[in-house]
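Colleague: Mind looking over this structure? Questions follow.
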Amino acid sequence: ETGVTQSPTHLIKTRGQQVTLRCSSQSGHNTVSWYQQALGQGPQFIFQYYREEENGRGNFPPRFSGLQFPNYSSELNVNALELDDSALYLCASSLVVGGNTEAFFGQGTRLTVV
Amino acid sequence: DQQVKQNSPSLSVQEGRISILNCDYTNSMFDYFLWYKKYPAEGPTFLISISSIKDKNEDGRFTVFLNKSAKHLSLHIVPSQPGDSAVYFCAARGTTSGTYKYIFGTGTRLKVLA
């Protein structure tokens, strides 16, 4: 049990639609990252939020966007869904104060785009 | 461009024996390495980590070895137990403009046979 919860656990959307995925960080963590894990692959970094601001981004198009709220919970929004967006989306929270720290992952949201 | 590679997609080991999972990386600027374990329908769970300034870290049955000159790390599990059967991901932490980003390998599926 990592204290990171994601909702929903499963979701089916149609190509072209928009989707919002949610994440509640572990208590006290100020940083949240989102990852996309396609079948048979490792998690791929989408972006990271620190104190409500985007603080780094991977190779994902602008239709992937996010928000972090004052309570450090977070949302991942994907517009104009494509079939290739079908994947497990993972949220990870951490407390970045310098030094070594691990990220704690939620159970993920499995998104299927049809 | 896969900066973190796990070249063995699967590994089978007899219960009680040693499991050795390997990981190679290309970026000498990675400063921190982690191993995660993932069961089906769950998010990755942090297992063990190692700083780039060390060559070994041990936690119970789990030991991670880092060979910086070879850009190689390995996870040793001894003795292996059936409950260790899972997908194991190695991850490396890179820093870009003050942002920590974790780059994952594609995973190795470990099966411990009773």
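Readers should treat all values here as calculations from the given coordinates under stated rules, not as data from a laboratory. Note that this is a predicted model, so its numbers are computed, not measured. Cβ coordinates were reconstructed from backbone atoms using ideal geometry, including for glycine residues, and neighbour counts include every protein chain displayed.
Colleague: Would you work out the relative contact order for region A:1-83, in percent, from Cα pairs under 8 angstrom that are 6 or more residues apart? Write down the numbers at each step before the final one.
Modeller: Details: 155 pairs, mean separation 26.9, N = 83.
Dividing the mean separation by the residue count of region A:1-83 yields 32 percent.
Colleague: Would you kindly work out the equivalent ellipsoid of chain A from its C-alpha gyration tensor and give its semi-axes, the square roots of five times the eigenvalues, largest first in whole Å?
Modeller: On the way: eigenvalues 105, 39, 34 Å².
The three semi-axes for chain A are 23, 14, 13 Å.
Colleague: For B:T96 and B:E42 in one chain, what is 0.36 nm times their gap in residues minus the Cα-Cα distance, to one decimal in nm?
Modeller: Extra length available between B:T96 and B:E42 comes to 16.6 nm.
Colleague: By per-residue mean of other Cβ atoms within 10 Å, what is the highest-first order of B:38-46, B:72-80? Write out the running numbers ahead of the final one.
Modeller: On the way: B:38-46: 17.1, B:72-80: 18.8.
Going by the mean number of other Cβ atoms within 10 Å, highest first, we get B:72-80, B:38-46.
Colleague: Provide a whole-number value for the mean count of partner chain Cβ atoms within 10 Å of the Cβ atoms in peptide A:103-110.
Modeller: 4
Colleague: Let me ask something else about it. So if R0 is 35 Å, what FRET efficiency would A:A80 and B:S28 give, r being the distance between their Cβ atoms, rounded to the nearest 0.05? Present the calculation step by step, with values, prior to reporting the outcome.
Modeller: Numbers: r = 38 Å, r/R0 = 1.09.
That pair, A:A80 with B:S28, gives E of 0.35.
Colleague: Next up: Suppose R0 equals 35 Å; then what is the FRET efficiency for B:H72 and A:I12 from their Cβ-Cβ distance, rounded to the nearest 0.05?
Modeller: 0.30
Colleague: While we're here: Given H placed 1.01 Å from N in the peptide plane, which residues other than close sequence neighbours of B:D31 have an amide H under 5 Å from its amide H?
Modeller: B:R93
Colleague: Amide H neighbours of B:K111 under 5 Å, at least 5 residues apart or on other chains, H built in the peptide plane: list them.
Modeller: B:L11, B:S12, B:V13
Colleague: List the relative contact order of chain B as a percent without decimals, with contacts defined as Cα pairs under 8 Å and 6+ residues apart. Display every interim value, and only then the final one.
Modeller: Details: 277 pairs, mean separation 41.5, N = 114.
The value is 36 percent.
Colleague: What are the residues whose amide H is under 5 Å from the amide H of A:G3, where those residues sit 5 or more places off or on another chain and H is modelled from the backbone?
Modeller: none
Colleague: Using θ = phi - 60° and the Karplus form 6.51 cos²θ - 1.76 cosθ + 1.60, what ³J(HN,Hα) does each residue of region A:30-44 get, whole Hz, x for Gly and Pro?
Modeller: 10, 10, 10, 10, 10, 10, 10, 10, 7, 4, x, 10, x, x, 10
Colleague: Please compute the average number of Cβ atoms from other chains found within 10 Å of each residue's Cβ in peptide B:36-43.
Modeller: 5
Colleague: Related question: Could you tell me which of rounded, prolate or oblate describes region B:33-114, using a ≥ b ≥ c as the square roots of the eigenvalues of the alpha-carbon gyration tensor, with rounded for a/c under 1.5 and, failing that, prolate when a/b is larger than b/c and oblate otherwise? Before the final figure, lay out each step's value.
Modeller: Working: a/c = 2.32, a/b = 1.41, b/c = 1.64.
Oblate, since a/c reaches 1.5 and b/c is not below a/b.
Colleague: How many lysine pairs in the protein assembly as shown, separated by 8 or more positions in sequence or lying on different chains, have Cα atoms less than 15 Å apart?
Modeller: Qualifying lysine pairs in the protein assembly as shown: 8.
Colleague: Determine the shielding of peptide B:101-110 by partner chains: average, over its residues, the number of Cβ atoms on other chains within 10 angstrom of each Cβ.
Modeller: Going residue by residue through B:101-110 and averaging, the value is 4.
Colleague: Going 7 Å from the Cα of A:F69 in the Cα-to-Cβ direction, what parts of region A:9-51 have a backbone nitrogen less than 17 Å from that spot?
Modeller: A:9, A:20-33, A:49-51
Colleague: While we're looking at this one, here's another question. Whole-Hz Karplus ³J(HN,Hα) for region A:45-62, in order, using 6.51 cos²θ - 1.76 cosθ + 1.60 and θ = phi - 60°, x for Gly and Pro?
Modeller: Result, ordered by residue: 5, 9, 6, 9, 10, 10, 6, 6, 10, 5, 10, x, 9, x, 7, 10, x, x Hz.
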